[in-house]
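Below you'll find the structure, written out as C-alpha cells, and then a few comments.
The values are calculated or read from the model by the stated rules, or taken from the named source; none is laboratory data. Keep in mind that this is a model prediction, so the values were computed, not measured. Using ideal geometry, Cβ is built from the backbone for each residue, glycine included, and neighbour counts are taken over all protein chains shown.
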C-alpha cells in the first residue's frame, strides 16, 4: 500500500484559514463582551441617578415643602457615586400646584442621566 494514503491531515493553507476564522470570531466575541459591560455600567448609573431624583422628590413630599418658582441645585451620594441634581419648580394653571422637575447628572457632565417630574400641592405645605 501507498504510505501517502495513511498520511492524511491538514495542509498549511487549511490551518491558516481556520486560524483566521477563529481570530475573527474571537474579535467579535470580545467586542460584544465590551459592549455588554459598557451597557451594564450605563444602566447602573441611570438606576442610581433615578434613585437620587426619587429621593429628592420624596424629601419634598415628606417635609411638605411647596417650592417657590425657580431652580435649586444640590448633590447626593448613592452607592459611593456623587451625583448633582437640579430641581426646577414651575407654576401650573392651578395656583395650588407646582410642577417640579428633578434632573440628575454626574459632576462635570452636561448629559442628564435622568429627569423625574412631580406635581406638589399647596395643601401639603406647612
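Assess whether residue 29 counts as being modelled with pLDDT under 90 and under 24 Å from the mean Cα position of the chain (by Cα).
The answer is no for residue 29.
State all residues of the stretch 71-96 that are over 23 Å from residue 42 (Cα atoms) and either buried (at least 16 other Cβ atoms within 10 Å of the Cβ) or under 16 Å from the mean Cα position of the chain (by Cα) (or both); if no residue qualifies, say none.
Correct list: 88, 89.
Are there any pairs, at least 6 apart or on different chains, whose C-beta atoms fall under 8 Å, with the first in the stretch 54-70 and at negative phi and surrounded by 14 or more Cβ atoms within 10 Å (Cβ to Cβ) and the second in a loop (DSSP other than H, G, I, E, B) and modelled with pLDDT of 90 or more, and if so, which?
Matching pairs, first to second residue: 60/67.
Report yes if residue 24 is surrounded by 10 or more Cβ atoms within 10 Å (Cβ to Cβ), free of Cβ contacts under 8 Å to residues at least 40 places away in the same chain and part of a helix (DSSP H, G or I), otherwise no.
yes
Inspect all residues belonging to the stretch 106-118 and state whether any of them is more than 24 Å from residue 46 (Cα to Cα) and either surrounded by fewer than 14 Cβ atoms within 10 Å (Cβ to Cβ) or touching a strand residue (DSSP E or B) at 6+ places or on another chain (Cβ under 9 Å) (or both).
Within the stretch 106-118 (the criterion being more than 24 Å from residue 46 (Cα to Cα) and either surrounded by fewer than 14 Cβ atoms within 10 Å (Cβ to Cβ) or touching a strand residue (DSSP E or B) at 6+ places or on another chain (Cβ under 9 Å) (or both)), the answer is no, since none of the residues qualifies.
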